[in-house]
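The values are calculated or read from the model by the stated rules, or taken from the named source; none is laboratory data. Here the structure is a predicted model, which is why all the values come from computation and not from measurement. Here the Cβ positions follow ideal geometry from the backbone for every residue, glycine too, while neighbour counts run over all protein chains shown. These accessible areas exclude ligands, DNA and RNA; they are computed on the full protein's heavy atoms, side chains included. Shrake-Rupley method; radii C 1.70, N 1.55, O 1.52, S 1.80 Å.
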Amino acid sequence: MARRLILGGTVAIAVLLAALSVTAPAWAQGAWTCPAVENAKKNPVAKSDAATAAGKKLTVDKACTACHGDSGKGDGPGAAALNPKPADWTSAKVQQQTDGCLLWKITTGRGAMPPWAALSETERGQLVQYIRTLKK
């Protein structure tokens, strides 16, 4: 009987530690800051209605809306399961970042945000142009 209690307690502790190790990376992420060299980069895509439309189309085609939502508020159907939550593209926090910083974040990703380096530089620039239209 005592052996079952010890074994049961050991299993419970193992489950607890496994659960903590899964969520620990979210706690450890901290602020997502851009390297200075990336911050200084300019968007390779000029502001235009065509670039904005292409960026908006990419958010659907590449499933950005699954987490960031149809209006970019970080409230897509996949957002509920994520910690940290996806960025709200309409927020001042996002809008105040440089184009270079946003391009770098799209390119490299972090945590649940996948890296989109496979997108062309033009496509990533179009995404930034679209994000810029989403101010509150």
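Each residue in region 45-97 was checked for being open to solvent by 70 Å² or more (accessible area, probe 1.4 Å) and either under 14 Å from T122 (Cα atoms) or touching a Gly at 6+ places or on another chain (Cβ under 8 Å) (or both), and 8 pass.
Considered as a group, the residues in region 111-136 that are of a type in the set (D, E, K, R) and at pLDDT 95 or above include one that is nearest to the chain's Cα centre (by Cα), and that residue is R124.
Residue pairs whose Cβ atoms lie under 9 Å apart, sitting 6 or more positions apart in sequence or on different chains, and linking a residue in region 53-73 that is among the acidic types (D, E) to a partner that is open to solvent by 50 Å² or more (accessible area, probe 1.4 Å), are D70/V60.
In the set (1) part of a helix (DSSP H, G or I); (2) open to solvent by less than 40 Å² (accessible area, probe 1.4 Å); (3) farther than 13 Å from N43 by Cβ, the condition left unmet by Q126 is number (3).
Scanning region 86-104 for residues that are over 8 Å from the mean Cα position of the chain (by Cα) and either more than 14 Å from Y130 (Cβ to Cβ) or of a type in the set (F, W, Y) (or both) turns up D88, W89, S91, A92, K93, Q96, Q97, T98, G100, C101, W104.
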